[in-house]
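Below you'll find the structure, written out as structure tokens, and then a few comments.
No lab work stands behind these numbers, since they all come straight from the coordinates. Everything quoted here is computed from the prediction, not taken from an experiment. Cβ placement follows ideal geometry from the backbone for every residue including glycine, while neighbour counts extend to all protein chains displayed.
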Amino acid sequence: MEEVSPITGHQARYALSRLASVLLVALAVFPLSGCLFRTRKVDRKVSTVPLKNATQQELIEYVNSQAAKIQSMQATVDINTSVGDQQNGRVTDYKEIRGYVLARKPAMLRMKGLLPVVRNTAFDMVSDGRSFKVWIPPKNKFVIGSNNEDVFQPEKRLENLRPQAIYDALLLREIGPDEIAVLENGYESVVDSKKHRVDVPDYELAVIRKGANGWYLSRKISFSRTDLRPHRQMIYDQQGNVVTDAKYDKYTDYDGVEFPSTIEIERPQEDYDITLSLVKLELNKPLKDDQFALEQPPGAEVVRLGESNSAQTTSGHGQ
């Protein structure tokens, strides 16, 4: 039997060097034949528009200064509403209607929608921050509930509208001293005029606050790097679920206050989407308490959400 001589260290190093040379030659030759790679186009690209810079503190100061400038608002709006049906995979788009919005800090809101053509009331809703009322004349229903209770009726989409959700999206709250803000560089995905998906760099300000069960992500405000304006606000519950996804567009100067002319409010858990397009806006005009009063109409079917599984009664006189 032939005896095999052991490989010396010098021989091992020489063999590895030769192997490396062969691999380098192979890697240099294969690309020429197109065996190792292929080039393909991608629909997504990063925007090349000039970007503006801001610090975390500057973004916080912008939010707080703009919030301080608005104490009340009254607006004429066009309202577009869509409601979804996740089980059947369908979305129902309602015809655009004219509406009116009143808001007064710290938490008062009233929004009224008119039916197309005839201009009768489609809905009327108010909230004082604690409770809400919604009057739906076409269904002769008067809904009463607490803003602290989550009562969702899948078969009654429009009755799930909550004025407090409109208020929270409409007037961007200041970032308080008891909250923690964390800045992150991110991207907003948009579709350009050529139907290409483009990633536009943005700033994302995560606002963390302390709840009953500890600290939680309260909301996330996204600022476009092209104008440093808030273009999106996501509001979360204490379990980390997105309850409101609001998008802001077409900022306009209203008497020294920058305010979006288009506001899209999506409520993913209730599966509805409302877009408000401002026709007219007046800021900081005096608004009286009776402008936020909504009385129960005689003969209306009253739905009390959160009480005995949404108890329903019919009353012959107002409340």
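In nanometres, what is the gap between the two model label sites at D227 and K45, each 7 Å from Cα along Cα-to-Cβ?
2.4
Give me the one-decimal nm value for the distance between modelled label points at I208 and K280, 7 Å along each residue's Cα-to-Cβ direction.
In this crude spin-label approximation the distance works out to 4.6 nm.
For K105 and D93, compute 0.36 nm times the residue count separating them, minus their Cα-Cα distance, and round to one decimal in nm.
1.2 nm is the gain from fully extending K105 to D93.
If we count other beta carbons within 10 Å of each Cβ, what is the order of V207, V257, V46, V198, fewest first?
Ordered from fewest to most neighbouring Cβ atoms within 10 Å, V207, V257, V46, V198 come out as V46, V257, V198, V207.
Provide the net charge surrounding D178, with neighbours chosen by a C-beta distance below 15 Å and charges set as Lys +1, Arg +1, Asp -1, Glu -1.
Around D178, the surrounding residues sum to +2.
Would you mind getting me the FRET efficiency between K139 and H196? Use the beta-carbon distance for r and R0 = 41 Å, nearest 0.05.
Taking R0 as 41 Å, the efficiency between K139 and H196 is 0.40.
Which entries in the list K69/K285; K95/K195; K139/K288; K105/K220; K112/K280 go over 19 Å, if you measure between the two C-alpha atoms of each?
From K69/K285; K95/K195; K139/K288; K105/K220; K112/K280, over 19 Å: K95/K195; K139/K288; K105/K220.
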